[in-house]
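Novice: This is the structure I have questions about; it appears just below.
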Amino acid sequence: MNEEYPESRSVRGWCTTVSSACVLALFFPAEGLGANLCVSRATGDWSASTTWNSCGGAVPADGDTVTIASPHTVTLDRSSNTIASLTVNSGGTITSFGNFDLYLGGNLVNNGLLDMASGSRTNTIYLVGTDLTSTWSGTGTWSLDNVDLNGTGNNKCTGTCKLEVTGTPTLSFLTTNVFSGNSVSKLFNSNNNAAFTVQLNRAGNQSLQTTGASYPNLVLSGSGTKTPASGTLTILGRTTVSAGVTLDAGNNDPTINIGGGLTIAGTYTASNNSARPLTISGDFTNSGTFTGNTAPVSLAGNFANSGTFTSGAGTWTFNASLPKSITAGTPSFQNMAINGSGLTLSSGNVTVSGLLTLTNGNIITGPNSLVASASCPAGIGRTAGYVDGNLRLTFPSASTTCTFHVGNGSYAPIVITNTGAGTLTGSTKGSDLPPSGTAGISASLDVNRYWTLWAPGDTISSSTYSPTFTFAAADLDSGTTTSSFIVGKLVGGTWSNPTVGIRTSTTTQAIGLTGGIAAQTTFVVGNAASAVDHYELSLPTSSISCLPTTVMVTACANTSSPCTSTDTSASGSTATLATTAGTLAATTLTFNSAGVATTTLSYPAAANGTSVSITLSGEQIAATHPRQCCPNGINCSAASSCSTGFATTGFIVASAANGVAATIPSQIAGTSSNTYYLRAVRTNTTTKACETALTGSTAVNMAYECNNPTTCSTSNLMSINGGTSTTIARNANGSVSSYTPVGLAFDSSGNAPFTFNYGDSGQVRVYASKPASSPFLAALNGSSNAFVTRPAGFSLTATCDSTSTTNAASQTLPSVTDPRFCAAGRTFSAAVAARTSGGVVTPNYGRESPPEIVAATWSRILPTTPMGGSDGLLPSGVFAFAGGFSGTFTASGLKWSEVGILAAALTVSDSDYLGAGNVTSTAYVGRFYPDHFDVVVTPQCAGFVYSGRATASAPTGRTGQPFTVKATAMNGLSAPTPTTNYSSAAGFSKDVDLTLSAGGAVGALYVDSTPGGIRAIPAGKFASGVGTVGYSDPSGKISYVFNIFPTVPTAIAVHADDVDSAPSTGTDGATSARSGRLQLGSAYGSELLALPIPLEAQHWTAGAAGGYFVTNRDDNCTNFAASSIVLSNFTQNLAACETYLSPGSTVTLAKGKSPLRLTAPGAGNDGSVSLALNVGSTAAGSTCISSTPSSAAAANLPWFGSSNPAGRATFGVFKTPLIYRRESY
């Protein structure tokens, strides 16, 4: 206690004797003696009576109520009596000039300034009384040293003493030990007000009491270490550790409970006692340093780290009641647990190097990963919850079984046994893998979930592995049979079906997978799919009794009919056939690898006109839709049976002489077929065997029928060549009536060889007919099977919309020299035509049922990637059928954002023309060139350039001050972007010309000394679409020269074009041109002082009489070597280089003026020296940049003219120009 008279305190003044008045004052309360309301009346000391009103002419004594009024400052010049209360009004101040204390027996209201801690003073506020509750409030400034809840000496606080705070003040403490005397009966903030703030802002170490103290919001600032005592540190609100401050919980190992968030800009050192946790009920934000220890941490808010974070061995438990996130940083935890409503990894990967515990709640990783770097299975444990996203586990070297505790919508882990070591990432999605129905698994009878193993960065090395996939009942499609589930595996676009191991109602295992896991591998689970859409039964409508007739059953994968896509999954399955007459070679048919099964029907005894029906049934794999009967492979209809009519004579088409009826395969439009044989046969009435029906040369009527499309194009496009090529008649589907006689030569066995050529696309059938005539008095009829002729290829023509230019890129070897086609980003249209092998359009393409259309996949062919090519925004668009018999498809509004040449890969849109395979071609489109150039001009000086000078002797001018020109090749999109393929490396850049879009009337551009801007930016300057000529380039410098010198400042704008883009509209580069000169004046001064050189840059400006030169205050760039100033003609006592230039290196003007000085030559060295600047490129004379003469350099500033500016400097000859000087020492 700091007092003048510690043993003789009284209600009024000081008792120096034990008088009756003193006795009364000591034994009766002040209120009973009429305690005073002491109000300050002036600024002054506490002990001065002139400071107070209503204090009985004295100063505040025991029991008095004290008020500091505005604008008074009351200074504690001694320790106070025990006052009943203290109020500091707004504008009022209480402070101290020494180590004096304040004794308080009641409440304290501060709306002004309570300053108990300025400077190096130590001032304590003591609470004095019995069972006292002292309530502090107010909106003023609280600067405190120490608060003692116990009192001192004879001034104690006995019983239960409380310091309560109401409102939202900030109590700032500078003491080393905050809240002395706290105990179970000495309490701070026992009413748990969390709205105010306690701030420890000492520039040094401070201690925090824990017993009896409940802190509201806590701010640790200043500097040094803030150390909580042992026990439990309770903070009701937020806690802030400011920069430069350390909160050391590792010294006394307290338990710390923070009711709000923890923000660290300084350093936090955690407790080293595993039984002393840190609990954070709000967010954790660290931009400083957090050093964890063995104490566990419980966090109910978000986690953000942008500083240094060391978790320590204590487990970090995320236990929020609402989902939270790791919003910043990629922290690494030694041990981490989730026991709340979940956590989202929003800012990157999170690593757990020890134990990851899933107790409750899910971790959502998004595109990031949760990495458990300790070896599994020990590195991760689970009670509930899962990782919704990517979980990376670490497998030890031995064969190990680990569980990926993953899920999405529900818990769906992957249990995997691995033979190798390294990291592996697992995840799952609670939906079908698009597109559904893959890997032979039914899209309607599967698990609506897929699982993925491996992600970039994984290091797993295993020869074999066996994963088990877990699913929930809610994941299953209705009707699934889990006991027969299979597994689909997808790697690099290829599906396979691994061997299945154990199946349960909620798991399916794949076993013995080989080849390791070195790329993303996706798994699906479900019942095997029946891909068969329907079955087709096909046989000819007409058969010859002496020959077996082919019967075909096809498993079809889609609804097209006749079938254009077979179902290969039917391979190995069977179907059953039955006949009403004749004999089937087989009644049980097995489908081959193409999904087709065949047999023959024989009926040699059949009489003319006999009809036989074949019925299909018993398919081992059920189809989705009913069976189809397809007579002659065309004109299908829903039926299980098909019929054929037998004749005893007829034609058949065979692939060899005396052969059976052949199945003509698909053909190429415009290309002649292989040789086939038209056989004329009849049935021997006795043996029922086939015999010759025709021999020798004869005419046979032949025709073709268009089955799909069902109508033919407007011309006859098929020819038959049996020695002479003959065009035969066309017929629409189902009505063959038009024939053409074709001369054929039949051998003695009735075989006539021929070839055919079809100049269109579609499915067709060839017919042959010969009426009865001598010597054979029976009609002969027959036909081939229906076969498909597909186009030989596609061609593409393109037109640029803006210029009507037609694509002329080479279709064999496109190159950078191909003619220009269209500006990048501008629209063009394209037309694709199906063509024969001879290049003729196939008019029926696009009229099929369903229609076949064209697809185009665009890619960049030039420039190639090694030359720096960029794809940019490639064309997109759908080609639509042009209609009619055009065989053509068109697309409009196509555009490419880049420079170069495109390749269009043209295909049948479904990659299969009527089941006969794809048709592919490649067309090249280009050359695309820049739409325009955007120009940026960068002067050496900000905002202007100096023009060169045109003179009578040099009418083309002297070069101006060079400036940098950057031209960027741009496309013509609505929001243009650079065309980065415009580069010399790729060969697509050209020489770019510069012109003036402003300023051309009064001047011209120059490239070095050549007027005009032709090829100002050479093609070789361009890289990634940008070409730059710099003002410091050794050659090719670009400048501007006025036609007349001087000329007032003029705005100039530079436009760029190459031979392809001109004329164009781009953003031109702009600056201002000025006529400039350098002015060097004379100066004089004392030989004892350095002498400034009056050198400045000037420019011509408009004014009276045409204009005048003014200082160019915008010139902060003109520079030259100091050595380019010639010093000569030293006079009187001034010898060469007794004064020299300073600085002696490069001189740069500032606001148009030179900083150069001549050094003081010294006493007795009076005299003068001539100065001249070698303004051009010629160096002449001597200079002084030190005390030793040296050769002068050239300033290389030709835009300032050809005359060297000159002046004279004089030392000590004339009086100083100063009128008066005062020097202070």
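Novice: Based on DSSP H runs of at least 4 residues, each adding -39500 (n - 2.57), what is the mean residue ellipticity at 222 nm of the chain after dividing by all its residues, to the nearest 500 deg cm²/dmol?
Specialist: Counting only the DSSP helices, I get 0 deg cm²/dmol.
Novice: In percent, what relative contact order does the chain have, based on Cα pairs under 8 Å that are 6 or more apart in sequence?
Specialist: 3 percent
Novice: For the chain, give the magnitude of the charge dipole about the Cα centre (Cβ charges: +1 Lys/Arg, -1 Asp/Glu; no others), in debye to the nearest 20.
Specialist: In total the dipole reaches around 1320 debye.
Novice: Apply 1/(1 + (r/R0)^6) to the Cβ-Cβ distance of Thr514 and Ala443, taking R0 = 22 Å, and write down the FRET efficiency to the nearest 0.05. Write out the running numbers ahead of the final one.
Specialist: Numbers: r = 28 Å, r/R0 = 1.27.
Using R0 = 22 Å, I get an efficiency of 0.20.
Novice: Could I ask something else about it? Taking just the alpha carbons, could you work out the radius of gyration and Dmax for the stretch 932-1074, both in angstroms?
Specialist: 14.8, 50
Novice: Within 10 Å, count the other beta carbons around each residue, average over each peptide in 151-158, 919-926, and list them highest first.
Specialist: Those peptides, ordered most packed to least, come out 919-926, 151-158.
Novice: Here's something else I'd like to know. If you wrap a convex hull around the C-alpha atoms of the chain and split its volume per residue, what is the figure in Å³?
Specialist: Values: hull volume 381.3 nm³, N = 1225.
Convex hull volume per residue, Cα atoms: 311 Å³.
Novice: Please list 288-299, 41-52 highest first by mean number of surrounding beta-carbon atoms within 10 Å per residue.
Specialist: 288-299, 41-52
Novice: Can you give me the C-alpha center-to-center distance between the stretch 1119-1146 and the stretch 843-910, rounded to a whole angstrom?
Specialist: 74 Å
Novice: Provide the packing ranking of 84-91, 514-521, 699-706, 911-918, i.e. peptides ordered by the mean count of other C-beta atoms within 10 Å per residue, highest first.
Specialist: Sorting 84-91, 514-521, 699-706, 911-918 by mean packing, highest first, produces 699-706, 84-91, 911-918, 514-521.
Novice: Extension gain Thr160-Ala42, at 0.36 nm per residue separation less the Cα-Cα distance, in nm?
Specialist: Computed gain between Thr160 and Ala42 is 38.8 nm.
Novice: Can you tally the net charge around Leu537? Count Lys and Arg as +1, Asp and Glu as -1, for every other residue whose Cβ sits under 12 Å from the Cβ of Leu537.
Specialist: For residues surrounding Leu537, the net value is -1.
Novice: Then there is this: Just to confirm my numbers, what's the Cα centroid distance between the stretch 585-621 and the stretch 677-746 in Å?
Specialist: 26 Å
Novice: Using amide H atoms built 1.01 Å from N in the peptide plane, name the residues 5+ places from Leu233, or on other chains, whose amide H lies under 5 Å from its own.
Specialist: Thr255, Ile256, Asn257
Novice: A further question follows. Around Trp1100, what is the net charge, scoring Lys/Arg as +1 and Asp/Glu as -1 over all other residues with Cβ under 12 Å from its Cβ?
Specialist: Its environment carries a net charge of +3.
Novice: If you take every residue apart from Ser837 with its C-beta less than 14 Å away from the C-beta of Ser837, what net charge results, scoring Lys and Arg +1 and Asp and Glu -1?
Specialist: Charge balance in the 14 Å sphere: +1.
We did not get these values from a lab; they are worked out from the coordinates using the rules stated. Computed from a prediction, not measured in an experiment: that's the story for all the values here. So basically every Cβ, Gly included, is an ideal-geometry build from the backbone, and we count neighbours across all protein chains shown.
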